[in-house]
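The values are calculated or read from the model by the stated rules, or taken from the named source; none is laboratory data. None of the values given here were measured: they were computed from a predicted structure. All Cβ positions, even for glycine, are placed from backbone atoms using ideal geometry, and neighbour counts span all protein chains on display.
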Amino acid sequence: MKSTVKYALALLALAAAVAPIYWLVTISIKRDIDQFAVPPLWIHFQPTVRHYVELFRGGNLARSLWNSTFVASLSTLLAMLLGVPAAYGLERLRWPQDWSRKIGFWILSTRMLPPIVTIVPLFLMLRRAGLLNSRPGLILVYTAFNLPFVVWMMQGFFREIPRELEEAAMMDGDSRLGTLMRVVLPVAKPGLAATVVFSPIVASNEFLFAFISTQATTSTTAPLAMASRVTQYEIRWGAMSAAGIVAMIPVLVFAGLAQRYLVRGMSLGAVKG
Amino acid sequence: MIRTLRRSWPGVPWVVPTVVLLLALTIYPLVYSVKVSFTGPAGFSLANYARLLQDRLFLQAMAQTLLYTVVALAIEFALGFALALLVDSLGRGRAFVRAGLLAPMLLPPVVVAVIWRLIYNPQFGVLNGTLRNLGIHTSALTWASGERGALASVILVDVWEWTPFLFLLLSAGLQALPQEPLEAARMDGASPWQVFRDIVLPLLKPVMTLAILLRTMDLLRIFDQIFILTQGGPGFATETVSLYIYRTAFRFFNFGYASAMSFLALGLTIVFARSLMRLMRVSR
């Protein structure tokens, strides 16, 4: 193929991927009358910030954004606290036969369960425990969502660290835990960072469980606040689009930070990027 | 006892917290839901499973889910692969093109649904607006809100959102290919097509398998986008298994029947994934 043809095709694909997102941006800054203009206005319109002002004046969205952030950070932290040692244990300690592989695979398989299967009993369990409609309930569930991901990512990163490093430290009388903290983790920093940055993407894109388990406004997360605006009877496109932009910014920021590890994250650590 | 445990299973304490949490939040609910699905008004009962066999709507939802999965996967794979090959062969600007192509996949599903509502709306959407401007009659083009086009419209959204995922994995696979066999084949006078078929494809197989497998699992459980975009409608046109289970559980509060359905769905997912793996002869 000639390279001009190639570039033309690539640009076409790029346009198809990006144009819908660009359209969302324009709707969020258009006045109401410009939104439905025929022919559609792609560039020439008078921008306004009205929809964003309206969005934040209600107060609920700011609150749901805070909820999202709070839930995502705490569940990421918890998942790291539990998952990093597990990954290290599976990767570096002795296991009879191939138990480390078996356990690792089981951990991953919990992630493959369709959420709708566990969501009904989980809902009933949380209701009985009084954790429905609450942030602790969501944090607990998201920690479980993130854990398999953390374990698999970190196992991959630990695998790449030369064993000699730890052996030297252990020779000097360090315990396993001490070695992990003082020798291994500092070396695995990029991996830790990638995993930490990726987990909130996983959590903030989760919709089903948050939708079902939190009807109260106090624990609503941002995707939900959005959805309720979308499914409301009377649709206000400007506000809806502004809400969409607000909901996607944190995810894109995190994704930008984790760009180098995108492949690894999206494939649950199975493909090196 | 504890000593032998410590000597031959030194890794156990490292893993226990993770395993316990996952048991409590995924396996226990699973077991619990088995129990609920076998419980009728008067104790043990098979009524929920008997009902499954006669539920036309469930069968329809199942058929639509499978159709959705197969069609979306085929298009996404073909497109993603083509794009991966195309972008891989680009010189300057490759990184830029790649980053742009990935954008749809990273958006929260809710945002994706909002975007496509803006596009598909028959009266005010940009799609019909553009067509009208070109002089095309749009009164019959209802996209996601008409019974006939709804499923196709929803599949198109999936293709837009998830082709980047296949593109991402496949182009990572292409980049990681060892160069020596490719060069050796070229030196021996193999045509580009021969190189592709006999060397690139076999080497890429593990990545292709993984990509297809991950995507299939996600497609079979599709919920978010459809729920926000069409709520399974109009009528029953875009109802999938997950939506139907959701409705049964949280609209009609029939948890027993919902559990029974989700088990059938789970079983089918496992069978589907297994046969896919066998089909592609994965050795892991």
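Is there a residue in region B:133-147 that is part of a helix (DSSP H, G or I), at pLDDT below 85 and at positive phi?
Within region B:133-147, one or more residues are part of a helix (DSSP H, G or I), at pLDDT below 85 and at positive phi.
Take B:A176 and tell me if it is small (G, A, S) and more than 13 Å from chain A (Cβ to nearest Cβ).
For B:A176, the condition - small (G, A, S) and more than 13 Å from chain A (Cβ to nearest Cβ) - is not met.
Check off (1) more than 8 Å from chain A (Cβ to nearest Cβ); (2) assigned to a helix (DSSP H, G or I); (3) under 25 Å from B:Q54 (Cβ atoms); (4) of a type in the set (G, A, S) for B:S275 and give me the number that stays unchecked.
Condition (3) is where B:S275 drops out.
Residues of region B:228-254 being in a helix (DSSP H, G or I) and at pLDDT 85 or above, which ones?
B:V241, B:S242, B:L243, B:Y244, B:I245, B:Y246, B:R247, B:T248
Give region B:116-132 a look and list any residue that's in a loop (DSSP other than H, G, I, E, B) and crowded, with 23+ Cβ neighbours inside 10 Å, or say none.
Matches in region B:116-132: B:G125 only.
Filtering region A:29-41 down to residues that are more than 10 Å from chain B (Cβ to nearest Cβ) and out of contact with any Pro (no Cβ under 8 Å at 6 or more places or on another chain), which residue is modelled with the highest pLDDT?
Per the stated criteria, the residue is A:R31.
Listed here are the residues, each with its yes/no results for (1) facing chain A (nearest Cβ under 10 Å); (2) buried (at least 18 other Cβ atoms within 10 Å of the Cβ); (3) in contact with a helix residue (DSSP H, G or I) (Cβ under 8 Å, 6 or more places away or on another chain).
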site: B:Q54; (1), (2), (3): no, no, no
site: B:T65; (1), (2), (3): no, yes, yes
site: B:A99; (1), (2), (3): yes, no, yes
site: B:V114; (1), (2), (3): yes, yes, yes
site: B:L134; (1), (2), (3): yes, no, no
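Which one of the conditions (1) more than 7 Å from every other protein chain (Cβ to nearest Cβ); (2) under 19 Å from the mean Cα position of the chain (by Cα); (3) of a type in the set (A, V, I, L, M) does A:A129 fail to meet, given that it meets all the rest?
Result: A:A129 fails condition (2) only.
I'd like the full set of residues that are at the interface with chain B (Cβ under 8 Å from one of its Cβ atoms) and among the hydroxyl-bearing types (S, T, Y), limited to region A:92-118.
A:S100, A:T110, A:T118
Which of (1) touching a helix residue (DSSP H, G or I) at 6+ places or on another chain (Cβ under 7 Å); (2) closer than 15 Å to B:V16 by Cα; (3) surrounded by fewer than 24 Cβ atoms within 10 Å (Cβ to Cβ) does A:V84 not meet, given it meets every other one?
(3)
For region A:38-50, indicate whether the set of residues that are under 28 Å from A:I201 (Cβ atoms) and surrounded by fewer than 19 Cβ atoms within 10 Å (Cβ to Cβ) is non-empty.
yes
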